[in-house]
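Bear in mind these aren't lab numbers, they're just calculated from the coordinates by the rules spelled out. Since we're looking at a predicted model, the values are computed, not measured. Note that we place each Cβ from the backbone using ideal geometry, even for glycine, and neighbour counts take in every protein chain shown.
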Amino acid sequence: MEACARESALASSPVVLITGCTEGGIGSALARAFAAEKCAVVATSRSLSSMTNLKDDPHFFLLELDVLSDESVNHVLSKVLERFGRIDILVNNAGVHCVGPLAELPLSAIQRTFDTNVYGGMRLIQAVIPQMVCRKMGKIVNVGSVTVMAPGPWAGAYTASKAALHALTDTLRLELRPFGIDVINVVPGAVRSNIGNSALATYSRMPEWKLYKQYESAICQRATLSQGSKSTPADEFARKTVAAILKKNPPAWFSYGRYSILMRIMYYLPIFVRDFFLRLAMKC
C-alpha cells in the first residue's frame, strides 16, 4: 500500500532533471531542496561516484550524464521518460570555472568553458523542449553568474560564457512563451560550494604566465573569491531558488547570495567608477 501511495504521489509531482549534482555543489543542494518540496528528482553528474551523498535515497533517481555528448543526453532522456513519462523542469546547473588572463589563457581552456557552460546547456534544452511543447507546459532553468553584472579581470572566459547563457535565456524566454514554457535565469551570488576547489585544480594545469607573472597571486586568489567565510550556504541558496522556481508564475530573473545586491549596483555605475573598484579588488 505504501509503495502504491508513493507511486501515486510521484505521478502528480513535478519531475525535475538537474545537471551537475556533484556532492558539495549547488546542484546537489538544489536536488535536496526540490526533493523537500515533494518533487521527483533526477540528479545527474558525469560520474555516479560523485553523488554518493544522494545514493540509496528513494527521493532521487541518479544517472550519469555528460553534457558534452549527444549520445549521453539522449540516453538519459530516454531513461527519464521511460520511468516518469515526462520532464517538467530542467535545471542546467553543470558548469566549469576558468581562471586566467585572456591574453595568455589557452584557447582550448576557453573552448572547454563554453562547451560546458553554454553548449552543454543548449544540448539539454533542445533535447527536452519537444516533449514540453507537446504538453504545452514546462520550465527551463539556466544557472548563470552574478559576475556578468560587472565583469572583472582574471575570470573573463567564465564570465563571458555565463553572459552568453544569460543572453540565450532571455531569447528562449520569449521564443518558448507561446508554448507555455517558462524560462528562468537563476543568478547566484557568492554561494559556498566546491567550485573553488575545482577552479584551483583546473588552474594548476595552466601554463606559467609570462606577461602577467607579477599578478600570479591575485589571479590564483580569483579562483576561490566566491568561497569566503561569509559566502551564502548552498542549502540556503537552494531553498530560496526552488521556492521561486516552483511558483505558478516564476520570475524571469532570480538572484540570491552574497554580493548579488552589490553587483547589481555595480552594473549601474559609470564604467570608469566600476573599473576603479574592480582594479582595486582584483589587484590589477
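Computing FRET efficiency as 1/(1 + (r/R0)^6) for residue 64 and residue 230, where r is the C-beta to C-beta distance and R0 is 41 Å, gives about 0.75.
Using a Förster distance of 51 Å, how high is the FRET efficiency between residue 12 and residue 107, based on the Cβ-Cβ distance and rounded to 0.05? Efficiency computed from Cβ-Cβ geometry: 0.55. The smallest convex shape that holds all Cα atoms of the range 34-177, its convex hull, gives 132 Å³ per residue.
The stretch between residue 197 and residue 81 holds 38.3 nm of extra length on full extension. This uses 0.36 nm per residue minus the Cα-Cα distance. Computed over the alpha carbons of the range 234-284, Rg followed by Dmax gives 15.1, 45 Å. For the range 199-271, applying the loop criterion from DSSP together with a ceiling of 15 other beta carbons within 10 Å to the trypsin sites (Lys or Arg not before Pro) yields 205, 210, 230, 247, 248. Using C-alpha pairs under 8 Å with a sequence gap of at least 6, the mean separation divided by the residue count of the range 200-284 gives a relative contact order of 33 percent. Take the Cβ atoms of residue 204 and residue 262, set R0 to 25 Å, and the FRET efficiency comes out at 0.25.
Only Cα pairs under 8 Å and 6+ residues apart enter the sum, and on that basis the relative contact order of the range 2-282 stands at 19 percent. If you take the Cα centroid of the range 183-223 and the Cα centroid of the range 11-77, the two points sit 25 Å apart.
If I stretch the segment between residue 221 and residue 135 completely, what's the gain in nm (0.36 nm per residue apart, minus their alpha carbon distance), one decimal? Difference between extended and current length: 26.3 nm.
Loop-resident trypsin sites (Lys or Arg not before Pro) (DSSP state other than H, G, I, E or B) in the range 98-139 with no more than 10 further Cβ atoms inside 10 Å of their Cβ: 136. A Cα-only calculation for the range 2-282 places Rg and Dmax at 19.0, 65 Å. If the segment from residue 126 to residue 74 were pulled out straight at 0.36 nm per residue, it would be longer than the present Cα-Cα gap by 17.7 nm.
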